[in-house]
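The values are calculated or read from the model by the stated rules, or taken from the named source; none is laboratory data. A quick note: this is a predicted structure, and the numbers were derived from the prediction, not measured. Every residue, glycine as well, gets a Cβ built from its backbone with ideal geometry; the counts of neighbours run over all protein chains shown.
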Amino acid sequence: MSFISRSTAFRRALAAAGSAVVLAGALAACGSSKDSGSSMPGMDHAATPSAPASSADAGHGHDSMSGMDHAGMGNGLADARDGYRLASSAATLPAGRPAPYTFKVTSPDGKPLTAFAPDQSKLMHFYAIRSDLTGFQHLHPAMSDDGTWTADLASLEPGSWRVYASFIPGTGPGKDQDFVLSRTVIVPGDAPTTPLPAAATSTTADGYTVTVKGGELMAGMTHPLTVSISKDGKPVTDLQPYLETYAHLTAFREGDQAFAHLHPQTEVKGDRGGPDLAFQAMLPESGNWRLFLQFQTGGKLHTAALTLKVA
Ligand SMILES: [Cu+2]
C-alpha cells in the first residue's frame with residue numbers, strides 16, 4: 001500500500017519534547033453552504049480585511065528544506081524534486097470566473113512525463129489554495145497525449161495562490177514514488193486576507209458535524225487521528241467511498257502553505273462508512289495547519305475545514 005510507504009518515508013526521528021498542544025479552541029463553523037460543485041463557496045470565511053496581502057513573495061525563499069526528509073515528498077513547496085518538475089507558463093489567472101490551469105510534469109530527461117501510476121484511483125491530484133488558506137479546491141485534471149494537464153479551476157478570488165500536483169510517476173527513476181510539487185500563481189485584483197480561524201476540534205459542513213480527536217500533534221511525528229462525523233446529533237453511518245476512502249484529508253500550513261496528506265487507515269466496505277474514521281497524521285512542520293476533510297454521502301461531496309495546531 002502506498003499509504004504505508006509514504007508515512008514510513010516521512011518519519012524522522014525527533015526527540016520528544018514536552019509542550020503539549022491540543023486541538024483546542026473555538027468552534028470554527030464554515031463550509032455550511034448547500035451549494036454543491038467544486039467551487040466550495042462555503043469555504044470562504046467572512047472576509048475581514050486585515051493585514052495586506054503579504055504573500056506576493058510566495059515562491060521565493062522556500063529553499064530552507066533543511067530538516068525535511070528528502071526521501072519523502074517533503075512539504076510540497078518546491079516545483080522540482082529528483083529531476084521531476086512541475087512546469088507551467090501560467091503566472092497569472094483571471095479573478096472571478098472559472099479558469100483552466102495548464103501544466104506539465106517533466107522527467108529528469110527533460111521530456112514531459114506521460115506515464116503515471118494511479119493513487120487513490122486517480123493519476124493526478126491537483127489542489128489550489130489562497131495564501132490565507134481560503135478557497136481550497138481539489139481537482140482531478142485530464143491529460144492530453146503530449147503530457148499537458150488541464151485543471152479546470154472554479155472561480156478564484158484575487159490574491160496569491162499556490163497550486164499543487166500530487167502524482168506517482170509510472171516510469172523513470174521516480175517510478176512508484178510519491179511526488180507533490182507546487183507553483184504559485186497570481187490572481188490580480190484587490191486582495192484582502194482573511195485571518196485564520198482559531199484552532200478547533202470540531203466544525204460543520206452541509207449540516208454535518210465533523211470532530212477531530214488526536215491529542216497533541218508534534219511536527220515530523222506520526223500520530224493517530226480519529227475523525228467522527230455526526231448529523232443532527234446522531235452518528236453518521238452512510239458514508240460512501242470517495243477516492244478509495246471514507247474521508248480525504250489534506251492540510252496546508254499557515255504562512256508558507258506547506259502541504260500534507262493525511263493517510264486513511266479505515267478499511268473501506270461499501271456505502272456504510274462512519275461514524276469514526278482512523279487516520280495517520282504526519283504534519284512535517286510546526287504551526288497552524290488548515291485541515292480540509294472531504295467526505296461523501298448520497299452522491300454528494302462535502303468539504304469541512306478546521307485549524308489544527310502542531311507543536
Ligand atoms: Cu485527488
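Couple of notes before you dig in:
- So LEU277, is it part of a strand (DSSP E or B), at negative phi and under 13 Å from the mean Cα position of the chain (by Cα): no
- In the range 253-267, the residues that are at pLDDT 95 or above, assigned to a strand (DSSP E or B) and more than 13 Å from the ligand (Cβ to nearest atom): ARG253, ALA260
- Just one of the numbered conditions (1) modelled with pLDDT under 95; (2) in contact with a strand residue (DSSP E or B) (Cβ under 8 Å, 6 or more places away or on another chain); (3) hydroxyl-bearing (Ser, Thr, Tyr) is not true of SER107: (1).
- Considering only residues in the range 164-177 that are within 19 Å of the chain's Cα centre (by Cα) and within 19 Å of LEU243 (Cβ to Cβ), the one that is nearest to the ligand (Cβ to nearest atom) turns out to be SER166.
- Here ALA191 qualifies as closer than 21 Å to GLY255 by Cβ and out of contact with any Phe, Trp or Tyr (no Cβ under 6 Å at 6 or more places or on another chain).
- Qualifying residue in the range 242-252 (condition: modelled with pLDDT of 95 or more, away from the ligand (no atom under 16 Å from the Cβ), among the aromatic types (Phe, Trp, Tyr) and not in a loop (DSSP other than H, G, I, E, B)): no
- Residues of the range 134-161 satisfying the condition of being in contact with an Asp or Glu (Cβ under 9 Å, 6 or more places away or on another chain) and away from the ligand (no atom under 12 Å from the Cβ): THR134, GLY135, ALA142, GLU157, PRO158, GLY159, SER160
- Only a single item in (1) modelled with pLDDT of 95 or more; (2) closer than 26 Å to ARG81 by Cβ; (3) touching an Asp or Glu at 6+ places or on another chain (Cβ under 8 Å) is not met by GLY220, and it is number (1).
- Selection count, the range 280-296, where residues are assigned to a strand (DSSP E or B) and buried (at least 22 other Cβ atoms within 10 Å of the Cβ): 8
- From the list SER131, SER107, the lone residue that is over 16 Å from ARG162 (Cβ atoms), of a type outside the set (Val, Ile, Thr) and more than 16 Å from the ligand (Cβ to nearest atom) is SER107.
- Positions within the range 217-240 being outside any strand (DSSP E or B) and buried (at least 16 other Cβ atoms within 10 Å of the Cβ), in sequence order: LEU217, MET218, ALA219, GLY220, MET221, VAL236
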